[in-house]
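Single-structure report; data block below.
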Amino acid sequence: MKMTSALRFEAVHKVYQGAVPVHALSGVSLNVESGAFAVIEGPSGSGKTTLLALAGGLERPTAGRVQAVGVELTALGERRLAAFRRAEVGFVFQDFKLIDVLTALENVAIALQIRGQRRSVARAKSLELLARLGLAGRTSARPATLSGGEKQRVAIARALVTEPALVLADEPTANLDWATGEQVVELLRVVAGERGATVVVVSHDPRLARYADQVMQLVDGRIVAAHAKEAVA
Ligand SMILES: Nc1ncnc2c1ncn2[C@@H]1O[C@H](COP(=O)(O)OP(=O)(O)OP(=O)(O)O)[C@@H](O)[C@H]1O
Ligand SMILES: [Mg+2]
């Protein structure tokens with residue numbers, strides 16, 4: 001079987017300009033295979049969030065090339081880049097970014113509605129996915145009344161409901177105790193896998209590596225180690 005690449009960086013640099021320019025990424029080359037669950041570990045400030053922003057087309061590299069699901073992002077103009085993000089990428093943010101005044105169900109359904117799906121269809125798909133993530137009993141709750149693990153699962157549902165090819169998760173366990181974090185990551189891995197999505201998780205927590213098909217280490221904006229292992233059964 002030919003391995004296809006879901007994410008490819010070639011000698012990527014990212015410099016944030018300012019009074020003192022910050023070299024956040026310094027020649028990152030990496031390859032994440034289609035369908036993989038990849039974990040990129042690195043300490044605070046190593047460039048993890050920057051790497052995800054480039055992978056999802058939220059930021060552009062200062063130098064080098066970024067390819068995601070076969071699309072050369074560096075060649076796209078703003079409109080096509082935004083269209084690419086909407087069609088192909090699901091983001092899971094560290095701080096959940098749920099909308100306070102909406103219920104759990106509405107927080108997920110809105111991702112489909114803003115992409116033009118009818119409300120009834122959006123709600124049905126969202127209900128099904130929330131149930132798959134163990135939240136069938138919490139769909140009418142507002143974020144303020146959800147636990148951290150529940151909020152993160154709603155955020156995962158919102159990222160997956162649009163059936164993105166590429167799911168990018170920034171420190172998905174950072175605000176959770178380890179047992180809850182473990183459950184959340186396992187659900188993300190399994191449910192994204194069922195949908196054929198490629199997942200890239202960045203985290204400072206080395207314990208996430210055990211869930212990964214591919215592990216990379218990012219230090220000071222450089223990949224210092226990478227290895228692939230057998231998928232966790
Ligand atoms: N918008 C920005 N403007 C200027 N500098 C930035 C910007 N975003 C990030 N940086 C800098 O780039 C470097 C990498 O930041 P980044 O947020 O990618 O690291 P990180 O690994 O995600 O860190 P953390 O684990 O703390 O979230 C840091 O030195 C940071 O201060
Ligand atoms: Mg970060």
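Values as computed for the structure displayed
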quantity: Flag for Thr49 being out of contact with any Gly (no Cβ under 9 Å at 6 or more places or on another chain) and among the polar types (S, T, N, Q); calculated: yes
quantity: Test for Val108: is it under 21 Å from the mean Cα position of the chain (by Cα), of a type in the set (A, V, I, L, M, F, W, C) and farther than 22 Å from Ala53 by Cβ; calculated: yes
quantity: Residue check, Leu54 at negative phi, within 16 Å of ligand 2 (Cβ to nearest atom) and either among the basic types (Lys, Arg) or open to solvent by less than 60 Å² (accessible area, probe 1.4 Å) (or both); calculated: yes
quantity: Residue within region 172-190 that is more than 21 Å from Ala131 (Cβ to Cβ), crowded, with 23+ Cβ neighbours inside 10 Å and within 16 Å of ligand 2 (Cβ to nearest atom) present; calculated: yes
quantity: Residue that is farthest from ligand 1 (Cβ to nearest atom) [pool: residues in region 75-101 that are loosely packed, with under 13 Cβ neighbours inside 10 Å and acidic (Asp, Glu)]; calculated: Asp100
quantity: Subset of region 107-159 (residues that are of a type in the set (S, T, N, Q) and open to solvent by 50 Å² or more (accessible area, probe 1.4 Å)); calculated: Gln113, Gln117, Ser120, Ser140, Thr145, Ser147
quantity: Total residues in region 9-43, condition open to solvent by 70 Å² or more (accessible area, probe 1.4 Å) and without any contact (Cβ under 8 Å) to a residue 60 or more places away in the chain; calculated: 6
quantity: Scope region 26-51; condition of a type outside the set (Val, Ile, Thr) and within 8 Å of ligand 1 (Cβ to nearest atom); matching residues; calculated: Gly42, Pro43, Ser44, Gly45, Ser46, Gly47, Lys48, Leu51
quantity: Val185 vs. criteria in contact (Cβ under 8 Å) with a residue 12 or more places away in the chain, within 16 Å of ligand 1 (Cβ to nearest atom) and touching a Leu at 6+ places or on another chain (Cβ under 8 Å); calculated: no
quantity: Scan of region 1-22 for residues that are over 17 Å from Arg65 (Cβ atoms) and within 16 Å of ligand 2 (Cβ to nearest atom), ordered by number; calculated: Tyr16, Val22
quantity: Selection from region 125-160 of residues that are part of a helix (DSSP H, G or I) and either hydrophobic (A, V, I, L, M, F, W, C) or touching a strand residue (DSSP E or B) at 6+ places or on another chain (Cβ under 7 Å) (or both); calculated: Leu127, Leu129, Leu130, Ala131, Ala136, Ala144, Val154, Ala155, Ile156, Ala157, Ala159, Leu160
quantity: Residue within region 146-160 that is farther than 29 Å from Ser5 by Cβ and either touching a residue at least 60 places away in the same chain (Cβ under 8 Å) or among the hydrophobic types (A, V, I, L, M, F, W, C) (or both) present; calculated: yes
quantity: Failed condition for Ser46, given (1) away from ligand 2 (no atom under 13 Å from the Cβ); (2) open to solvent by less than 10 Å² (accessible area, probe 1.4 Å); (3) among the small types (Gly, Ala, Ser); calculated: (1)
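The values are calculated or read from the model by the stated rules, or taken from the named source; none is laboratory data. A quick note: this is a predicted structure, and the numbers were derived from the prediction, not measured. Note: ideal-geometry Cβ built from the backbone for every residue, glycine included; neighbour counts use all protein chains shown. SASA here: full protein model, heavy atoms, side chains in, ligands and nucleic acids out. Shrake-Rupley method; radii C 1.70, N 1.55, O 1.52, S 1.80 Å.
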